[in-house]
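Participant: Would you mind keeping the following structure in view while I ask a few things?
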Amino acid sequence: MAATAGAPRGAFILFEGVDRSGKSTQAAKLVEALNAQGTRAELWRFPDRKGTVTGKAIDEYLSATAAAVSSSGTGGTEGGKSGAGLSDQAIHMMFSANRWEKSRALLEALQQGVTLVVDRYAYSGVAYTAAKRVPGCGVAWCKAPDTGLPAPDVTLWMALPPGAAAARGGFGGERYEEAGFQEQVRGVFAEVRDSSFVDVDASGSVEEVHQRASC
Ligand code: T5A
Ligand code: NA
């Protein structure tokens, strides 16, 4: 892939965190701020629920509420919409494929000098599946399909005390949005964090968090 002459590679900035930790809000604000200061920046998100084959199935899967899935918080056997009844293994592969579907375009954008602010990525992929504690689907198994994806330059971890995220708007409306499961997710994130991770205190007002996330 040829780099655009003279354009330095864009940065790959990732936001990760448990549900409702403010990732989407902060990612959008960071893109706005970068563009305002003259840095070409775009907001990307995973799962990309629209415009891809996997995105549609993922959207149907996630739309099943936490209350509607099994007591383990994982589901995977209920009927209904086509994506909703996927096995834990199948949906894991779908999330990974959803990233691979976009990987070439992602690299091309970076090489054209565009900074990408990305809302969730492979760390979420590993955390949410490994947190289900399905036999045979530990962290190593979960990481395998994402091996070789473009890696972020920095991962901004939205650090929020347990319970604070659940108190925010909308919690409980989708699969996985259940406090006990979120704590298991948090545990896996702690296990898989690497040298790209930088903690951002995600408590306080949207503006306060933005100041911390953009320095
Ligand atoms: N998933 C994802 C997998 O299982 N495998 C994968 O590979 C991937 C990539 C959907 C689900 O998919 C799972 C993880 C998820 O369960 P999503 O579409 O990113 O992922 O989830 P959303 O529901 O869109 O977003 P989140 O729940 O993660 O929320 P955010 O983005 O962290 O938070 P945000 O910014 O939307 O804010 C949530 C609420 O809080 C308010 C906002 O106004 C909003 O109401 N808020 C604040 N309130 C007070 N103070 C602040 N500072 C606030 N900031 C935001
Ligand atoms: Na979000």
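Throughout, read-outs are computed from the coordinates displayed, never taken from laboratory work. Computed from a predicted model, the values in this text were never measured in an experiment. Positions of Cβ are generated from backbone atoms using ideal geometry, with glycine treated the same way; all protein chains shown enter the neighbour counts.
Participant: Using a cut-off of 14 Å between beta-carbons, work out the net charge of the residues near N98 (Lys and Arg +1, Asp and Glu -1, N98 not included). Walk me through the numbers before you get to the answer.
Facilitator: On the way: positive: R45, R49, K50, K56, R99, K102, R104, R120; negative: D48, D59, E60, E101, D119, D146.
With Lys, Arg at +1 and Asp, Glu at -1, the net is +2.
Participant: Compute the angle between helix 23-36 and the longest alpha-carbon principal axis of the chain, please, reported from 0 to 90 degrees and rounded to the nearest 10.
Facilitator: Its long axis makes an angle of about 10 degrees.
Participant: Compute the angle between helix 88-111 and the longest alpha-carbon principal axis of the chain, please, reported from 0 to 90 degrees and rounded to the nearest 10.
Facilitator: Between the helix axis and the principal axis of the chain, the angle is about 10 degrees.
Participant: Let me ask something else about it. By its C-alpha gyration tensor, with a ≥ b ≥ c as the square roots of the eigenvalues, how is segment 85-215 shaped: rounded for a/c under 1.5, else prolate for a/b larger than b/c, else oblate?
Facilitator: Oblate, since a/c reaches 1.5 and b/c is not below a/b.
Participant: Treat every Asp and Glu Cβ in the chain as -1 and every Lys and Arg Cβ as +1, leave all other atoms uncharged, and give the resulting dipole magnitude about the Cα centre to the nearest 20 debye.
Facilitator: 320 debye
Participant: What's the local net charge at G173, with K and R +1, D and E -1, over the other residues with C-beta under 12 Å away?
Facilitator: Local charge sum for G173: -1.
Participant: Between beta-carbons, use under 13 Å as the cut-off and find the net charge around F46, counting Lys and Arg +1, Asp and Glu -1. Mind dumping the intermediate values first?
Facilitator: Details: positive: K23, R45, R49, K50, R99, K102, R120; negative: E16, D48, D59, E101, D119, D146.
Residues near F46 contribute +1 overall.
Participant: I need the peptides 40-46, 194-200 ranked by packing, meaning the mean over residues of other C-beta atoms within 10 angstrom, with the highest value on top.
Facilitator: Output ranking for 40-46, 194-200: 40-46, 194-200.
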